[in-house]
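Trainee: For reference, the structure I am asking about is given below.
The values are calculated or read from the model by the stated rules, or taken from the named source; none is laboratory data. In this text, all values refer to a predicted model and were calculated from it rather than measured experimentally. Cβ: placed from backbone, ideal geometry, glycine included. Neighbour counts: every protein chain shown. In case anyone asks, the SASA skips ligands and DNA or RNA and just uses the protein heavy atoms, side chains included. Shrake-Rupley method; radii C 1.70, N 1.55, O 1.52, S 1.80 Å.
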Amino acid sequence: MKVQQSDIDDSNSQLCALICERIVASPQRRITFAEYMDLALYHPQHGYYNSDRPSIGKQGDFITSSHWGADFAEVLAEQFVEMWELLDRPQNFAIIEMGAGRGNFAENVLQYLQIQYPNFFQILEYIIIEVSPVLQAEQRQMLADIKCVKWCKWDEIINNSIVGCCFSNELVDALPVHQFILEQGQVREIYVTAETPKNVQKEIKFVEVVGEVSTPKIAQYFDLVGLDLSASVYGNGYRSEVNLAALDWMSTVAQKLQRGYLLTIDYGYPAHRYYNPRRREGTLQCYYRHRYHSNPYINVGRQDLTAHVDFTALEKQGELCGLDVVGFTQQALFLMALGLGDRIASLSTNDAEVLDLATFLRRREALHQLIDPMGLGGFGVLVQCKGLREEEKGRILKGLMVP
């Protein structure tokens, strides 16, 4: 199967040339889709997340929960405080935010904690893991006056040293994925190659080719999540993704965490829904100027590439790494349990008399966007833990209670 570029293309020509060089240098003149996606998103100079153009927020290509106002961060701050209390208020508690975007979430959380929970704020260390130097520069500027914030790489954190909560919001969906396709009952991998034009004025075209699976880890992944692709319900041409990078990420986080929680918020499904036979084209999506489409070979370096998260894989890999599942729910239920419903009720009865109409309507929209079941409210929320005593495991987190 080949997917070619359309006539309308806003690709970074330098990045396309670099990817083409990588393809030409490979033994079979092809690279895995995971390698292609990694270069398109994370190349140090030209990748999407390292470009100077805004990628997140109203001026970028997509909006996350944290860009709808401070409420998302503030109700999650309530959950962080409860986690601290359930761990018997340790004198050192760390929140590690992985992929902090432009820093909005961190700023809102920390401002809220400083005012509402000064005792917790005083002992808090806020660590940001950010691979994009462009985004990290924005974060440093936004958070310059908050002393408890620091930036680290994973290898700078000692194994088994973190007491606290590791948190991510829409991080795992942007990790590079392998793509596969079924041909005559066999799992085959989708690779990317390049058609170099004879006329140097024309753009490079990236096309797909199919070959043998690049690593046995893909078959191991299917075993991990209990997926049998030999079943007759999966027809010829069925294609989807495998996120091996998510497993490595989970292993790293578990390795650093000594005692506390891992809180993962993202869009995705359990494995039985992710690999539903009717979802024959997988979940890969491209975001460009607040619109999405399915062609990853245009706008190279200037559009976001994402795939839904397989939460079963995160749960199973976590168990292998010493993490216990605390609970899994939807964002709407999680936020309502943490008090977002009270904020909506308060807005309806009180703030409408105080705020001007435009401000009132914007705030109401922001709150409802966070719980919209067809949008952000349908995101999955997975909570895992490590190092908790049995009685601590028995205490239900407020965010996981039925509101």
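Trainee: Out of Val163, Val210, Val381, any idea which swings most in a Gaussian network model of the chain, alpha carbons joined below 10 Å?
Mentor: For the chain, modelled as a Gaussian network with Cα springs under 10 Å, the answer is Val210.
Trainee: Something else about it: May I ask you to evaluate 6.51 cos²θ - 1.76 cosθ + 1.60, the Karplus curve with θ = phi - 60°, for each residue of the range 33-44 and list the ³J(HN,Hα) values in order in whole Hz, giving x for glycine and proline?
Mentor: These are the phi-based 3J(HN,Hα) values: 4, 4, 5, 4, 5, 4, 5, 5, 9, 10, 3, x Hz.
Trainee: Where in the range 376-396 is the amide nitrogen less than 19 Å from a point lying 7 Å along the Cα-to-Cβ axis of Gln330?
Mentor: Flagged as within label range: 376-383.
Trainee: Quick one: compute the contact order of the chain, relative version, from alpha carbon pairs under 8 angstrom and 6+ residues apart, as a percent.
Mentor: Taking the mean separation of contacting Cα pairs over the length of the chain, I get 21 percent.
Trainee: I would also like to ask the following. Quick one: ranking Asp38, Asp145 by accessible area, 1.4 Å probe, largest first, what do you get?
Mentor: Asp145, Asp38
Trainee: With N set to the residue count of the range 265-403, report its C-alpha Rg divided by 2.2 N^0.38 Å to two decimal places.
Mentor: Here the Cα radius of gyration is 1.32 times the empirical estimate.
Trainee: Over all directions, average the projected area of the Cα convex hull of the range 72-161 and note it in nm².
Mentor: Averaging across all directions leaves 5.8 nm² for the Cα convex hull.
Trainee: Would you mind working out the accessible area per residue for the chain, using a 1.4 Å probe, and quoting it in Å²?
Mentor: Per residue, the chain has 46 Å² of solvent-accessible surface.
Trainee: Take Met401, Met98 and sort them by solvent-accessible surface of the protein heavy atoms, 1.4 Å probe, largest at the top.
Mentor: Correct descending sequence by accessible area is Met401, Met98.
Trainee: Another question about this same structure. Pairs of lysine in the chain with Cα under 16 Å and at least 8 positions apart or on different chains: total?
Mentor: Lysine pairs, 8 or more places apart or on different chains, close enough: 5.
Trainee: Another question, then. For the chain, take the longest principal axis of its alpha carbons; what is the angle in degrees between that and the long axis of helix 133-142, to the nearest 10 within 0 to 90?
Mentor: Rounded to the nearest ten degrees, it is 20.
Trainee: Right, next: Viscosity 1.567 mPa s, temperature 4 °C: what is the translational diffusion coefficient of the range 253-311 from Stokes-Einstein with a Kirkwood Rh over Cα pairs, rounded to a whole number of µm²/s?
Mentor: Taking Rh from Cα pairs, D becomes 93 µm²/s.
Trainee: Further question on the same structure: For the chain, what is the Kirkwood hydrodynamic radius in Å, using each pair of distinct C-alpha atoms?
Mentor: Its Kirkwood hydrodynamic radius stands at 22.5 Å.
Trainee: What percentage of the solvent-accessible surface of the range 295-342, computed with a 1.4 Å probe over protein heavy atoms, is contributed by carbon and sulfur atoms?
Mentor: Heavy-atom surface of the range 295-342 belonging to carbon and sulfur, 1.4 Å probe: 46 percent.
Trainee: Keeping all protein chains in position, work out how much accessible area Leu320 exposes to a 1.4 Å probe, and write it in Å² to the nearest 10.
Mentor: 130
Trainee: For Glu281, what accessible surface area do you get with a 1.4 Å probe? Give it in Å², rounded to 10.
Mentor: Solvent-accessible area, nearest 10 Å²: 120 Å².
Trainee: Now for a separate question. Calculate the dipole size of the range 297-403 relative to its Cα centre from +1 charges on Lys and Arg beta carbons and -1 charges on Asp and Glu beta carbons; express the result in debye to the nearest 20.
Mentor: 120
Trainee: If I take all pairs of Cα atoms in the range 136-265, what percentage of them are more than 25 Å from each other?
Mentor: That fraction is 51 percent.
Trainee: Among Lys147, Lys386, Lys205, which one moves the most in a GNM of the chain with springs linking Cα atoms closer than 10 Å?
Mentor: Lys147
Trainee: Determine the share of the range 100-188's accessible area contributed by carbon and sulfur atoms, expressed in whole percent, with a 1.4 angstrom probe.
Mentor: That share works out to 46 percent.
Trainee: How much of the accessible area of the range 210-270, in percent, comes from carbon and sulfur atoms when a 1.4 Å probe is used?
Mentor: With neighbouring chains kept in place, the figure for the range 210-270 is 49 percent.
Trainee: To continue, here is another question. Sorted from largest down, give the three principal axis spans of the alpha carbons of the range 356-398, whole angstrom values.
Mentor: The Cα atoms of the range 356-398 stretch 50, 23, 13 Å along their principal axes.
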